[in-house]
1. Rounded to the nearest 0.05, what FRET efficiency do A:Arg64 and A:Thr181 have when you use their Cβ-Cβ distance and R0 = 41 Å?
2. A:Asn136 to A:Ala72: extension gain in nm, 0.36 nm per residue of separation minus the Cα-Cα distance?
3. Restricting attention to the range B:28-115, which trypsin sites (Lys or Arg not before Pro) occupy a DSSP loop and are surrounded by at most 16 other Cβ atoms within 10 Å?
4. In whole Å, what are the Cα extents of the protein assembly as shown along the three principal axes, biggest one first?
5. How much length would be gained if the chain were fully extended between A:Arg191 and A:Glu234, taking 0.36 nm per residue of separation minus their Cα-Cα distance, in nm to one decimal?
6. Going by how many other Cβ atoms sit within 10 Å of their own, how do B:Val30, A:Val4, A:Val69 line up, fewest first?
7. Within a 10 angstrom radius of the beta carbon, how do B:Ser55, B:Ser24 rank from fewest other beta carbons to most?
8. Please go through the range A:154-253 and write out the GluC sites (Glu not before Pro) that DSSP classes as loop and that have at most 13 other C-beta atoms within 10 Å.
Amino acid sequence: MLNVRVIPCLDVRDGRVVKGVRFRDLEDQGDPVALATRYEREGADEIVILDVTATADGRLARRRTVSAVRRALAIPLTVGGGVRELADAAELLDAGADRVSVNTAAVERPELLTEIADSLGAQCAVIAIDAAGDANRPSGYEVRTHSGTRSVGLDAAAWASEAVDRGAGEILLTSFDRDGTRAGYDLDLLRAVRDAVPVPIIVSGGASSPGHMAAAISEGADAVLAASIFHQEEWSVGRLKDRLSRLGAPVRR
Amino acid sequence: MMSPPEPRAPRSNDAERAAIGIVSTGVANVEAVRAAFARLKRDTYAVETPEAVASAAFLVLPGVGSFESGMRALQDRGIVDPLVRRVSERRATLAICLGLQLLCDASDEAPDIEGLGCIPGRVSRFAADVRSPQLGWNRIDVSHESRFLRSGFMYFAHSYRLAELPEGWIGASCRHGARFVAAVERGGVLACQFHPELSGASGRRLLARWLDFAPLPTSGGAASAVADEAAAPLEGAGAPC
């Protein structure tokens with residue numbers, strides 16, 4: 001059977017891995033190639049690189065970082081940051097990404113997802129959704145863009161559903177409220193989006209223990225993403241997968 | 001082997017060092033493939049002409065994109081015929097993901113377009129009750145004696161698959177909902193629905209086995225790995241393919 005993926009995430013700024021709380025107060029965590037290599041060796045199933053300042057700087061994720069990680073890495077690599085058009089997605093693939101994550105630009109122009117899916121395949125088109133609690137929305141969550149700074153008047157579950165209709169093959173679902181808080185994934189958000197879409201979901205934001213991950217897996221997450229617990233060596237990927245396995249989750253070891 | 005050595009020295013070292021041709025379909029991301037071979041200390045180069053398809057010691061048909069765009073790219077470059085010939089001669093050819101699907105007769109993804117017809121069968125979509133695309137690691141089971149394939153976890157990223165093991169091919173199967181074809185091999189041809197280049201250490205070992213064994217004729221155990229003979233049939237000395 002298809003196993004649940006454990007995905008270390010590298011938030012990158014200026015060629016270094018950083019980590020913040022609710023997308024702010026970014027602190028240096030190390031070199032992306034060194035961290036990615038270590039995670040693969042420990043048993044990571046995939047690596048996600050997000051260039052966290054690309055959109056704000058009005059540029060694409062840095063090609064040099066993607067190429068350097070690709071050369072070292074023998075597992076899948078998803079890259080996001082500043083993808084505004086099909087040519088940007090193609091450039092990241094050319095640099096060595098296997099899949100491309102799109103966020104702000106897809107909200108502004110949803111056809112972008114269709115263009116990427118038609119040209120590069122649905123499995124290449126990852127829609128990253130940053131969601132924050134909003135009691136006025138039907139699902140209880142609204143979509144944020146520009147690294148969580150802007151509210152765009154969209155319901156998170158409705159947007160997920162539209163993104164999949166437009167061609168997205170996977171959802172990278174991040175809770176803005178939980179990001180960096182260590183309080184666990186937002187399971188209500190996960191349930192709302194899980195009910196809305198048939199494609200795989202990577203859940204993100206707030207995990208600090210295997211228990212948090214096992215809870216999300218039992219709510220239908222196909223992949224669990226975390227950053228600081230790996231960067232700060234609280235958990236090696238291997239030890240974490242051992243624990244997940246004992247908690248009943250199907251993980252590759 | 002009592003016969004005196006050939007005047008020309010065996011060129012096994014050439015075969016060991018031969019660069020790997022990667023078909024440029026224009027819709028595939030080949031960086032991961034290139035990086036995987038680079039880690040095995042092998043050079044790669046882009047293949048865009050019929051002549052290059054015919055002459056490559058090792059050829060990779062990668063695949064990202066749609067069945068239609070993939071077939072069109074092969075047709076536009078005029079490489080359909082040499083590719084079919086190469087596979088029917090069982091020469092060292094590695095097809096990945098969409099590459100495997102293109103080798104089949106047809107696909108429900110583009111019902112009006114003919115595939116390469118090397119692997120009998122029609123590609124179809126996963127049933128509606130399983131997660132699609134299948135993204136992630138799944139276990140393959142090798143059902144027969146296989147030269148290249150071994151059971152273990154491999155990385156998949158696809159919505160379409162071949163459901164039935166084709167006749168005349170050695171195969172590996174995998175379960176996602178129902179069973180489907182994870183890979184097939186015959187002679188030096190290896191076609192994988194999964195991505196060996198993204199399958200970590202097990203993928204690396206698979207690529208290494210393909211490089212080690214694919215071009216070698218199995219003539220009574222004599223490993224006279226002359227590069228020219230890579231074009232010869234592989235199942236026994238001089239046997240027809």
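Readers should treat all values here as calculations from the given coordinates under stated rules, not as data from a laboratory. Keep in mind the model is a prediction, meaning the values are calculated, not measured. Every residue, glycine among them, receives a Cβ derived from its backbone with ideal geometry; neighbour counts consider all protein chains shown.
1. Values: r = 32 Å, r/R0 = 0.77.
Calculated transfer efficiency: 0.80.
2. Details: separation 64, 0.36 × 64 = 23.04 nm, distance 4.58 nm.
Computed gain between A:Asn136 and A:Ala72 is 18.5 nm.
3. Details: sites: B:Arg34, B:Arg39, B:Lys41, B:Arg42, B:Arg72, B:Arg77, B:Arg85, B:Arg86, B:Arg90, B:Arg91; in loops: B:Lys41, B:Arg42, B:Arg77, B:Arg90, B:Arg91.
Sparse-neighbourhood loop trypsin sites (Lys or Arg not before Pro): B:Lys41.
4. 83, 47, 42
5. Details: separation 43, 0.36 × 43 = 15.48 nm, distance 2.77 nm.
Here the segment from A:Arg191 to A:Glu234 would lengthen by 12.7 nm.
6. Numbers: B:Val30 21, A:Val4 24, A:Val69 27.
The fewest-first ordering by Cβ neighbours comes to B:Val30, A:Val4, A:Val69.
7. Working: B:Ser55 14, B:Ser24 18.
Going from sparsest to densest Cβ surroundings: B:Ser55, B:Ser24.
8. On the way: sites: A:Glu162, A:Glu170, A:Glu219, A:Glu233, A:Glu234; in loops: A:Glu219, A:Glu233, A:Glu234.
Sites meeting the loop and neighbour criteria: A:Glu233.
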